[in-house]
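Right, one structure below, let's go through it.
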Amino acid sequence: MIVVGLMSGTSMDGLDVAVADLSLDGEGTVTLVPLAAEEHPWPEETRARLLGVLPPARVSLGDVCEVDTLVGRESARVVREIVRRYGGDLVGSHGQTVFHSVSPRGRALGTLQLGQPAWIAEETGLPVVSDIRARDIAAGGQGAPLASTLDALWLAAGPGTKRVALNLGGIANVTVVGAPGEPVTAFDTGPANCLLDAAAVRLSGGRLGSDIDGRMARAGTVRTDLLGRLREEPYYRLPAPKSTGRELFTTEYVAERLAGLPEVAPDDLMATLAELTAVTVADAVRPYAPTEVVASGGGVRNPALLDRLRAHLAPATLTTSDTYGLPAGDKEAYLMTLLAFLSWHQIPGVAPGATGSTQPRVLGRLSPGTGPLRLPEPGVAPKRLVVLAPPAA
C-alpha cells in the first residue's frame, strides 16, 4: 500500500512529505520501504499566519478558520504533485499544531492541529487520516510523542541493550526502547530548536530562521546565570509521560527570563540555549541508562547542538536514524505513513503505556476519497517494523 505522510512540526518551517510502500504480514511484521521524501517550505504568508496564531497572540475564530483553510489547501497542492509522481492509496496528514493544552499537573486536556483534510481528499481523490493525536488524549494519554509507535517496533534490541530515540524538532521528545515486549516510555523533554530558532529570528531582525550550522552557538560561551534560570522551569521536574509545546516555550519565553541579568551577547545566548537543550535531554534520559541514543529531526543539522549532546549523553553513543534506514530529517513524515497505515487497518497506533493512555486506540479520523470507502479486515497487532532499502531505479 502506497501511503503519503505529511508532517509540520513545532518549528513551523515547512511541510515534510514522505512516500512509503507499507505491508503487514500475518506474523505481525510491518515492512516499510521508503520511496521518496521532500521538504516544502511554507510560503511566507502561510508561515507568517501560522506564527501569528501562536500563544500569546489573541486571535479571532475567523483567523483560525482562514489558517485552517490555508494550510489545508497548501497541503493538498503538495500532495497532488507527489501522488502524480509516485502514486498513492492513502494520505496521513498530521496538520500544524497550534495549541497543546496541558494542565499544571501535566495532564493533557486537548490539542488543536490546523490543516483541513477535506482539501487533500478533494484534490487527490484519496482517503485521508488526520487529527491523529486527539483520540489518545481522550483515552487518557498525552497524545505525544506518537513517534514512540514507530520507535518501539523499529529499534527494539536484544537483552541488555537499551536505545533511546531522540527527535530534535521544535520540541525534543524521546522514546525509551528495550527488548521486544518490554514497556515503552515516551515523553517530551522540553525545547529542542524552538527557543534557538526564535532567538535567531530576533537577533537577525528576521533575516535568519535558525542558527545555521550552529555557528553562533559555537562562537559563544555558555552564560551559567541564564542557564540556571532557564533550568528552573517546573516542566522539567514533572514525571513521564508528559508533553509540552510552544504554548509554554513561546517566542517571548527567553526574553522574560533575561530580565534583570547583565546583557547577554548574541553568540553567548545561542550557546546557552544549545546547552539548555543538551542538558535537559541528558537529564531526562539518564535514569534509563541507555547504551545508544538515535537522533532525528531538524536539530541534527546543528553541529554545536550535537557536540553538546554527545558530551552530556556519554557514555551512551549518539548516532542518527540514518544508521537504521530512515533519514534523520524525514523520520517524522515516515511516522505519519505508518500511523495512517495502522489506522486504515484498524490497529491501535500507540504502544501500550507509551503516552499514558490505559487502552491503546485506533487513531485519527478518516475523510473518504472520491471512490467507495472499503476498509480492510482488521490487521494483526504489529510486533516489529522492518525498513527496507527502496528498489533500484
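The values are calculated or read from the model by the stated rules, or taken from the named source; none is laboratory data. Not measured: the values here are computed from a predicted model. Methodologically, a virtual Cβ is constructed for each residue, glycine included, from the backbone with ideal geometry; neighbour enumeration extends over all protein chains shown. What goes into the accessible areas is simple: the full protein's heavy atoms, side chains included, and nothing from ligands, DNA or RNA. Shrake-Rupley method; radii C 1.70, N 1.55, O 1.52, S 1.80 Å.
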Revision key, fill the gap. Checking 354, 389 in turn, the sole residue that is closer than 21 Å to residue 25 by Cβ, in a loop (DSSP other than H, G, I, E, B) and touching a residue at least 60 places away in the same chain (Cβ under 8 Å) turns out to be 389
Exercise for review: Among residues belonging to the stretch 359-386 that are outside any loop (DSSP other than H, G, I, E, B) and open to solvent by 40 Å² or more (accessible area, probe 1.4 Å), point out the one that is modelled with the lowest pLDDT.
Suggested key: 384
Check your understanding: Scanning for something farther than 27 Å from residue 194 by Cβ, part of a helix (DSSP H, G or I) and either without any contact (Cβ under 8 Å) to a residue 60 or more places away in the chain or among the hydrophobic types (A, V, I, L, M, F, W, C) (or both), does the stretch 87-100 turn up at least one residue?
Key -> no
Check your understanding: Given the residues 356, 297, which is the only one that is in contact with a strand residue (DSSP E or B) (Cβ under 7 Å, 6 or more places away or on another chain), at positive phi and surrounded by 21 or more Cβ atoms within 10 Å (Cβ to Cβ)?
Key -> 297
**Study point:** Subset tally (residues that are at pLDDT 95 or above and surrounded by fewer than 22 Cβ atoms within 10 Å (Cβ to Cβ)) for the stretch 12-24
**Key:** 3
Check your understanding: Has the stretch 102-122 got any residue that is touching a residue at least 40 places away in the same chain (Cβ under 8 Å) and within 15 Å of residue 186 (Cα to Cα)?
Key -> yes
Revision key, fill the gap. From the option list 38, 44, single residue qualifying as of a type in the set (D, E, K, R) and open to solvent by 60 Å² or more (accessible area, probe 1.4 Å) is 44
Check your understanding: When you go through (1) surrounded by fewer than 20 Cβ atoms within 10 Å (Cβ to Cβ); (2) closer than 30 Å to residue 389 by Cβ one by one for residue 32, which number turns out not to apply?
Key -> (1)
Practice item. List the number of the failed condition for residue 347; all other conditions in (1) part of a helix (DSSP H, G or I); (2) touching a residue at least 24 places away in the same chain (Cβ under 8 Å) hold. Key: (1)
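Condition first: in a loop (DSSP other than H, G, I, E, B) and either open to solvent by 20 Å² or more (accessible area, probe 1.4 Å) or modelled with pLDDT of 95 or more (or both). Can you find one or more residues in the stretch 61-74 that meet it? Write out each step before concluding.
Initially, the stretch 61-74 is screened for residues in a loop (DSSP other than H, G, I, E, B), giving none.
The answer is no, given that none of the residues of the stretch 61-74 is in a loop (DSSP other than H, G, I, E, B) and either open to solvent by 20 Å² or more (accessible area, probe 1.4 Å) or modelled with pLDDT of 95 or more (or both).
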Point to revise | Meets criteria (in a helix (DSSP H, G or I) and not hydroxyl-bearing (Ser, Thr, Tyr)) for residue 287 | key: yes
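Please find, within the stretch 125-143, the residue that is nearest to residue 293 (Cα to Cα) out of those that are open to solvent by 10 Å² or more (accessible area, probe 1.4 Å) and in contact with a strand residue (DSSP E or B) (Cβ under 7 Å, 6 or more places away or on another chain).
Of the residues in the stretch 125-143, the ones open to solvent by 10 Å² or more (accessible area, probe 1.4 Å) are 125-127, 131, 133-135, 137-140, 142.
From what is left, the residues that are in contact with a strand residue (DSSP E or B) (Cβ under 7 Å, 6 or more places away or on another chain) are 126-127, 131, 133-134, 137, 142.
Numbers: 126: 37, 127: 36, 131: 29, 133: 25, 134: 28, 137: 27, 142: 23 Å.
Ranking the qualifying residues of the stretch 125-143, first place goes to 142.
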